[in-house]
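Below: the structure, in structure tokens.
The values are calculated or read from the model by the stated rules, or taken from the named source; none is laboratory data. None of the values given here were measured: they were computed from a predicted structure. Here the Cβ positions follow ideal geometry from the backbone for every residue, glycine too, while neighbour counts run over all protein chains shown. Areas reflect the complete protein model, heavy atoms only, side chains present, ligands, DNA and RNA absent. Shrake-Rupley method; radii C 1.70, N 1.55, O 1.52, S 1.80 Å.
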Amino acid sequence: MEITKTHGEFIIDAQHEHPDASGELSSLFASIRLAAKIVHREINKAGLADITGAAGAENVQGEAQQKLDLYANDKFKAALEARGVVCGLASEEEEHLVSFDSARCQKGKYIVLMDPLDGSSNIDVNVSVGTIFSIYHRLTPVGTPAKEEDFLQPGNKQVAAGYIIYGSSTMLVYTTGQGVNGFTYDPSIGVFCLSNPDMRAPKTGTIYSVNEGNYVHFPEGIKKYIKYCQIEDKASNRPYTSRYIGSLVADFHRNLIKGGIYMYPTSTAYPNGKLRLLYECNPMAFLIEQAGGRAIAGPGIRIMDMVPTELHQRAPLYLGSSRMVDEVEARMVANPE
Ligand code: AHM
Ligand code: MG
């Protein structure tokens, strides 16, 4: 039987190519892997919570049941703190940044931003959800507590970013700025195995993903683009296919593999878009660019060049196959708000 490369081995190989590497990033990834396995296990028995006790209620051991997004937050936080290479964390589930205050953590040179369980409203109906993460070097001196400035860096400073998709199988997909690689979790042996080396986003595709229920509230350029997607033109494979799961990670993952565009525009309900710049838009932007695609917040506005001012700030997002992003951008340019 052929044994595929595990994620651990993949990292060791990468380290050989960088003999100056300290191993701290490898250690950080080991934390992410561990927490991902724990969350995978919990998600896979999510339906049982109804039998053993709903969120907020007590389980058979008399312990309070936690909502899965809070559970995921706690597990990732604990795993990242345990290895002492991360000095702080910002999370969708935490109002303020979390500074890991042990002397060991304060020596850590990395900070992590994350959405521990994105699309969590899908869990109740057994639809794929994901964890999104973004990793930076801290700006404050090593040995001091992490501060907000460490987290408010533009996406172009990311050291690594990725997601875990808890789907029909669980996968870890990430980049360190040298392409995108995907690893599928084999629960029988408890390891992530390299399954999708060097993932490339097709230059164009036939899938558009957007919550069309908000159509009437979208800017004119977006309405025009959606109509363009729907109009028949055999030469460019239109009409395109509409696919929207409502789980950014799952929609992104499908479009990355098949070719497509994901959009969360501004609307009356969300004047700045809905998705969070630091732990949803930036990591996905880093991934799609590394795979050959594009990610913008508006015409000429590269997501990764946006300078953040708040931890939880939102941004409109258009990302996917480069030609499809060009197409929507052209319509935004032609129909300025
Ligand atoms: P969440 O972080 O509260 O789960 O929200 C983010 C999610 C994305 O995964 C998804 O693409 C989007 O919100 C769906 O929003 P909507 O239901 O408005 O289409
Ligand atoms: Mg989210």
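Structure notes:
- Linear extension gain, Ala21 paired with Gln178, 0.36 nm per residue minus alpha-carbon span: 55.0 nm
- Projected label distance in nm at Thr4 and Ser242, using a 7 Å step from Cα toward the beta-carbon: 3.5
- Folded to 0 to 90 degrees: helix 68-82 orientation relative to the chain principal axis, Cα: 50
- Estimated distance in nm for a label pair at Ala334 and Lys234, the labels positioned 7 Å out from Cα along Cα-to-Cβ: 2.4
- Solvent-accessible area of Lys224 with every protein chain in place, 1.4 Å probe, in Å² to the nearest 10: 100
- In a simple Cβ point-charge model (Lys, Arg +1; Asp, Glu -1; nothing else charged), the range 141-288 has a dipole of about 440 debye relative to its Cα centre.
- Three semi-axes of the equivalent ellipsoid, the chain, Cα gyration tensor, whole Å, largest first: 32, 23, 22
- Filter on Lys203/Lys223; Lys45/Lys77; Lys107/Lys274; Lys45/Lys157 - keep pairs with C-alpha separation over 32 Å: Lys107/Lys274; Lys45/Lys157
- One Cα centroid belongs to the range 159-218, the other to the range 70-90; the line between them spans 22 Å.
- Ranking Pro154, Thr131, Gln230 by how far each Cα lies toward the positive end of the dipole of the chain (charges on Cβ) leaves Gln230 at the top.
- Among the GluC sites (Glu not before Pro) in the range 1-41, those located in a DSSP loop and surrounded by at most 11 other Cβ atoms within 10 Å of their own Cβ are Glu2.
- Charge dipole (Cα centre; +1 on Lys/Arg Cβ, -1 on Asp/Glu Cβ; no other charges) of the chain amounts to roughly 700 debye.
- 3J(HN,Hα) along the range 221-235: x, 6, 4, 4, 5, 4, 4, 4, 4, 8, 7, 5, 7, 4, 4 Hz, from the Karplus curve 6.51 cos²θ - 1.76 cosθ + 1.60 with θ = phi - 60°, whole Hz, x for Gly and Pro.
- Rounded to the nearest 10 degrees, the angle from helix 322-334 to the longest Cα principal axis of the chain is 60 degrees.
- Normalised by the number of residues in the chain, the average gap of Cα pairs under 8 Å and 6 or more apart makes the relative contact order 15 percent.
- Sequence-distant aspartates and glutamates (8 or more away, or on other chains) whose Cα lies within less than 16 Å of Lys75: Glu42, Glu92, Glu93, Glu94, Asp115, Asp118
- Available extension along the chain between Glu149 and Arg41 is 35.4 nm, counting 0.36 nm per residue and deducting the alpha carbon span.
- Helix 24-43 axis versus longest C-alpha principal axis of the chain: approximately 80°, rounded to the nearest ten.
- Here Lys224 is the anchor, and the aspartates and glutamates within straight C-alpha reach of less than 20 Å, apart from those fewer than 8 places off in the same chain, are Glu212, Glu232, Asp233, Asp326, Glu327, Glu329, Glu337.
- Selection from Ala250, Ala291, Leu311, by position along the positive dipole direction of the range 207-334 (Cβ): Ala250
- With both labels modelled 7 Å from their Cα along Cα-to-Cβ, the Ile12 to Asn272 distance reads 4.6 nm.
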